[in-house]
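Chemist: Input: one structure, supplied below.
The values are calculated or read from the model by the stated rules, or taken from the named source; none is laboratory data. As the structure is a computational prediction, the values presented were derived from the model and not from experiment. No Cβ is skipped: glycine too gets one built from the backbone with ideal geometry, and neighbour counts run over all protein chains shown.
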Amino acid sequence: MRCFVAIALPADVKRQLQRLQQRLSVVDRHVRWTLPEQMHLTLNFLGEVREALLPGVCDALDTVASSGMPCDLLIKGAGCFPPTGPARIVWAGVNEPPGALLELQAQCEQALSELGFTPEGRSYHPHLTVGRVTRNGDGRAVREAVDCETAFEAGLVSVTELGLYESHLQPRGAVYLRLHTSRVGS
């Protein structure tokens, strides 16, 4: 099964992200927008996970989360990947990510690497993917529109738990199933 570790978003933040998507959707119809039920903040992507490894993964996440500190994240700003040229990914940012979030992500990555999962290999830059420009899309026009959204703000996310999710790829996009919840700071 294909799995990842993420922080769920509250409904009010998802609504604000949808408003951003609506404003940007008039620019190019060739953007596949992230559905509200797919919106989350990824901490670690594990890839394919054998079912036999799940108990160890859950125990590792419980240990990391219990020693972590709850924190609040301000979802603010918007941008694109890659950083220059035609946009491929549209994202909303985490304004000044708190050290508690960065430490939580690093500790998860370390604990999961001890179980045999390959670390990302690059610095963690927390963001929420809100859309993907398709091959037929005009990435330059999308980037210009996103550049006008630097003051975008979606609100606060309280980080009090981590979720282990399974991703099922479907024609309309991925469907996520939460397999486990780890409480932060408990």
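Chemist: I'd like to check something: does region 108-123 contain any residue that is out of contact with any helix residue (DSSP H, G or I) (no Cβ under 7 Å at 6 or more places or on another chain), small (Gly, Ala, Ser), outside any loop (DSSP other than H, G, I, E, B) and over 16 Å from residue 76 (Cα atoms)?
Modeler: Yes, the conditions are met somewhere in region 108-123.
Chemist: Being of a type in the set (S, T, N, Q) and under 24 Å from residue 60 (Cα atoms) is the filter here; which residues of region 144-186 pass it?
Modeler: Hits for region 144-186 are 158, 160, 167, 181, 182, 186.
Chemist: Give me the residue from region 90-99 that is surrounded by 17 or more Cβ atoms within 10 Å (Cβ to Cβ) and not aromatic (Phe, Trp, Tyr) and, out of that set, nearest to residue 145 (Cα to Cα).
Modeler: 90
Chemist: Among 137, 163, which is the only one that is outside any strand (DSSP E or B) and either in contact with an Asp or Glu (Cβ under 7 Å, 6 or more places away or on another chain) or crowded, with 18+ Cβ neighbours inside 10 Å (or both)?
Modeler: So the residue among 137, 163 that is outside any strand (DSSP E or B) and either in contact with an Asp or Glu (Cβ under 7 Å, 6 or more places away or on another chain) or crowded, with 18+ Cβ neighbours inside 10 Å (or both) is 137.
Chemist: With over 14 Å from the mean Cα position of the chain (by Cα), in a loop (DSSP other than H, G, I, E, B) and in contact (Cβ under 8 Å) with a residue 60 or more places away in the chain as the only criterion, which of 27, 64 stands out?
Modeler: 27
Chemist: How about region 27-47: which of its residues are closer than 24 Å to residue 139 by Cα and touching a helix residue (DSSP H, G or I) at 6+ places or on another chain (Cβ under 8 Å)?
Modeler: Of everything in region 27-47, those that are closer than 24 Å to residue 139 by Cα and touching a helix residue (DSSP H, G or I) at 6+ places or on another chain (Cβ under 8 Å) turn out to be 27, 28, 31, 33, 34, 36, 39.
One line per residue, one yes/no per condition, for (1) crowded, with 19+ Cβ neighbours inside 10 Å; (2) farther than 18 Å from residue 106 by Cβ:
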{"site": "1", "(1), (2)": "no, yes"}
{"site": "10", "(1), (2)": "no, yes"}
{"site": "17", "(1), (2)": "yes, yes"}
{"site": "26", "(1), (2)": "no, yes"}
{"site": "30", "(1), (2)": "no, yes"}
{"site": "47", "(1), (2)": "no, yes"}
{"site": "52", "(1), (2)": "no, yes"}
{"site": "55", "(1), (2)": "no, yes"}
{"site": "61", "(1), (2)": "yes, no"}
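Chemist: Let me ask another. So is residue 117 within 19 Å of the chain's Cα centre (by Cα), under 15 Å from residue 60 (Cα atoms) and surrounded by 12 or more Cβ atoms within 10 Å (Cβ to Cβ) or not?
Modeler: Yes, satisfied.
Chemist: Another one. With without any contact (Cβ under 8 Å) to a residue 40 or more places away in the chain and either part of a strand (DSSP E or B) or over 30 Å from residue 22 (Cα atoms) (or both) as the only criterion, which of 102, 73, 43 stands out?
Modeler: 102
Chemist: Yes or no: residue 12 part of a helix (DSSP H, G or I) and touching a Gly at 6+ places or on another chain (Cβ under 6 Å)? Write out each step before concluding.
Modeler: Working: part of a helix (DSSP H, G or I): yes; touching a Gly at 6+ places or on another chain (Cβ under 6 Å): yes.
Answer is yes for this residue.
Chemist: Another question, if that's okay. Would region 54-61 turn up any residue that is at pLDDT 95 or above, more than 23 Å from residue 167 (Cβ to Cβ), of a type in the set (D, E, K, R) and in a helix (DSSP H, G or I)?
Modeler: Taking every residue of region 54-61 in turn, none turns out to be at pLDDT 95 or above, more than 23 Å from residue 167 (Cβ to Cβ), of a type in the set (D, E, K, R) and in a helix (DSSP H, G or I).
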